Each structure stands twice: as C-alpha cells, then as structure tokens.
Amino acid sequence: MKTVLITGANRGIGLEFVKQYLQEGARVLATCRDPQKAKALTALKEMGDLQVAALDVTQPEQVDAAAERWRDQKIDLLLNNAGVYGPRNSFGANDIEADMAAWETVFRVNTMAPLRVALAFQNQVAAAKGTMAFITSKMGSIADNTSGGSIIYRTSKSALNMTVKSLSIDLAPRGISCVLFHPGWVLTDMGGPNALIDVTTSVGGMRAKIDQLTTKDRGKYFNYDGREIPW
Ligand code: NDP
C-alpha cells in the first residue's frame with residue numbers, strides 16, 4: 001500500500017490531495033494546524049486509511065513530534081503543500097516595517113518550513129525510495145515575472161525553488177526524488193474567485209505527473225499539467 005504524507009491538509013489543494021489519494025486506496029497521513037477544527041478533513045476518515053496529526057510547519061517541536069509519531073512508516077510521497085500568500089499590497093505606500101515583518105513570516109512558512117519537514121522525514125521517504133513534492137508557484141519563476149509586484153510571495157517561492165533544487169541533489173544518493181509543482185491558478189481561499197481551474201483538475205494533473213516521474217525528473221519544476229516551467 002502506498003503511503004502519502006500531506007501538510008496543510010485541512011482545506012484547499014491539500015484537502016483535495018487527501019481525497020484523491022484516499023480514493024486511489026493509499027494510506028494518507030494528513031497534517032494541519034488544528035485537527036479539532038478540521039471537520040472537512042476528519043470527515044474523510046470514512047473514505048479509507050486516514051491518520052490526522054497536528055502540525056504547524058513553522059514549529060520545530062511539532063515537526064519532530066510528527067516525524068517521531070510516524071517513525072516506522074515508510075513514506076512513498078511527502079507533499080509539502082502548506083503555504084501562505086502574505087499581504088497583498090506590500091511595499092507600496094504602506095508601513096514598510098510591517099511589510100518587512102510579514103516577509104519574514106512568509107519565508108518561515110513557504111521556504112524554511114518545507115526544508116525542515118523534508119529533513120525530518122527523510123528516513124521514512126528514503127525507506128520507500130520515495131518522492132518529495134513541493135508545492136511552489138509560477139510566481140516564483142524569475143523568467144515568468146513580467147508584471148512585477150508581489151515581492152514577498154514571489155521571493156519566498158523563488159527561494160523554495162532553489163532550496164529544492166539543492167535538496168534534490170543532496171538527497172539523490174538516498175534514493176529520494178525531489179520535485180517542484182506549480183498547481184495552476186486554483187479556486188481556493190488563496191487563489192480567490194477569479195482563479196482558472198478547480199482543485200480537482202489541479203490535483204488530478206499533479207497526481208498523474210507524480211505517477212510518471214523517473215529519476216531523470218529529479219530537481220525539476222513542473223506545471224500541474226506536467227509541462228516544465230522555466231526557472
Ligand atoms: P489555502 O489558503 O486554501 O490553504 C493553505 C493551507 O496551508 C491551509 O491548510 C493552511 O492551514 C496551511 N498553512 C498555512 N500556514 C501553515 C502553517 N504554518 N503550518 C501548517 N499549515 C499551514 O491555499 P491553497 O490550497 O491554494 O495553497 C496550497 C499551496 O499551493 C500553497 O503552498 C500555495 O502557495 C500554493 N499555490 C496556490 C495557488 C492557487 O492559485 N491557489 C497558486 C500557486 C501556488 P490553516 O487552515 O491552518 O491556515
């Protein structure tokens with residue numbers, strides 16, 4: 001049985017990953033900040049083998065506790081999905097000190113936490129010769145940036161991209177494949193009401209690509225439909 005661990009699993013893209021992997025018959029280890037409040041997530045226990053644990057990805061002791069809880073569990077796929085956008089109108093006429101503080105917060109969630117989670121669970125993923133998929137954004141692509149703005153979110157994802165590129169090389173000797181995915185512009189709380197695709201399409205596309213990955217794909221940056229994205 002395939003085992004999948006997902007962060008930020010209580011809503012949006014993370015919740016849809018839980019649904020689709022349960023439908024596929026996988027064991028799902030779902031994490032979220034507050035399982036007591038995650039009604040939509042815990043309701044999915046009826047669908048199959050779902051275990052839920054509390055995990056604020058920025059809290060080292062919670063990351064270590066989750067890794068300890070599932071110490072003996074081989075993990076085929078670790079999905080680093082949890083993320084935040086931060087302030088929408090930063091570095092304009094607003095309070096620069098507040099924006100600087102928000103920048104640090106967004107970096108902790110989007111850039112530093114995925115690395116911490118990856119390192120904490122590397123033994124379990126290595127045991128399965130598994131994959132670590134990191135949900136980034138096309139907004140982190142320097143080549144794609146023709147509209148400017150969004151410095152906080154963009155830089156947090158650009159830095160995640162570089163982090164995962166290095167990690168893909170560092171963890172390859174352990175048999176671990178690290179890849180990056182842009183999920184598309186998706187109808188979630190973060191994506192907003194004007195987004196172009198629904199979670200079913202986004203997650204379905206990423207799952208299809210994940211199933212086809214080979215060792216040649218290590219360190220690559222994919223769109224949800226499987227096409228590569230320029231850095
Ligand atoms: P949502 O805002 O709908 O969900 C974000 C999830 O991340 C929630 O489960 C949230 O938990 C969780 N999260 C935030 N901070 C933390 C934390 N410190 N610890 C644990 N969990 C946390 O966003 P999406 O589902 O749309 O986004 C998922 C990923 O996709 C993100 O990485 C995002 O950057 C990326 N993405 C999304 C796009 C889109 O169009 N939607 C486009 C490109 C990338 P809580 O409920 O507790 O806040």
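The values are calculated or read from the model by the stated rules, or taken from the named source; none is laboratory data. Everything numeric in this text was worked out from a predicted model, so none of it was measured. Cβ placement follows ideal geometry from the backbone for every residue including glycine, while neighbour counts extend to all protein chains displayed.
If you go through the range 97-129 and keep only what is aromatic (Phe, Trp, Tyr) and part of a helix (DSSP H, G or I), you end up with Trp103, Phe107.
Yes or no, residue by residue, for (1) modelled with pLDDT of 95 or more; (2) crowded, with 17+ Cβ neighbours inside 10 Å; (3) of a type in the set (S, T, N, Q); (4) away from the ligand (no atom under 16 Å from the Cβ):
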site	(1), (2), (3), (4)
Phe91	no, no, no, yes
Glu104	yes, no, no, no
Ala126	yes, no, no, yes
Met139	yes, yes, no, no
Asp170	yes, no, no, yes
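Within the range 107-144, the set of residues being over 14 Å from Thr58 (Cβ atoms) and polar (S, T, N, Q) comprises Gln122, Asn123, Gln124, Thr131, Thr136, Ser137, Ser141. Does any residue of the range 49-60 turn out to be more than 16 Å from the ligand (Cβ to nearest atom) and either surrounded by fewer than 17 Cβ atoms within 10 Å (Cβ to Cβ) or of a type in the set (D, E, K, R) (or both)? Looking for residues that are more than 16 Å from the ligand (Cβ to nearest atom) and either surrounded by fewer than 17 Cβ atoms within 10 Å (Cβ to Cβ) or of a type in the set (D, E, K, R) (or both), one finds at least one in the range 49-60, hence yes. Checked against (1) among the charged types (D, E, K, R); (2) over 22 Å from Tyr224 (Cβ atoms); (3) assigned to a loop (DSSP other than H, G, I, E, B), Asp144 meets all criteria but (2).
Within the range 152-168, the set of residues being within 13 Å of the ligand (Cβ to nearest atom) and charged (D, E, K, R) comprises Arg154, Lys157.
Annotation: Gly149 fulfils all but one of (1) assigned to a loop (DSSP other than H, G, I, E, B); (2) within 12 Å of the ligand (Cβ to nearest atom); the unmet one is (2). When Gly219, Gly204 are checked against the criterion of being in a helix (DSSP H, G or I), of a type in the set (Gly, Ala, Ser) and surrounded by fewer than 20 Cβ atoms within 10 Å (Cβ to Cβ), Gly204 stands alone in meeting it. From the list Ile197, Ile176, Ile229, the one residue that fits, being touching a residue at least 60 places away in the same chain (Cβ under 8 Å) and either away from the ligand (no atom under 16 Å from the Cβ) or not hydroxyl-bearing (Ser, Thr, Tyr) (or both), is Ile229. Each residue in the range 71-89 was checked for being within 16 Å of the ligand (Cβ to nearest atom) and either out of contact with any helix residue (DSSP H, G or I) (no Cβ under 7 Å at 6 or more places or on another chain) or among the hydrophobic types (A, V, I, L, M, F, W, C) (or both), and 6 of them qualify.
Scanning the range 20-39 for residues that are within 15 Å of Leu77 (Cβ to Cβ) and within 16 Å of the chain's Cα centre (by Cα) returns Gln20, Tyr21, Val28, Leu29, Ala30, Thr31. Consider the range 166-185 and keep the residues that are of a type outside the set (Ser, Thr, Tyr) and touching a Leu at 6+ places or on another chain (Cβ under 8 Å). The one that is farthest from Val199 (Cα to Cα) is Leu167.
Checking each residue in the range 70-96 for being outside any helix (DSSP H, G or I) and of a type in the set (A, V, I, L, M, F, W, C) picks out Trp70, Ile75, Leu77, Leu78, Leu79, Ala82, Val84, Phe91, Ala93.
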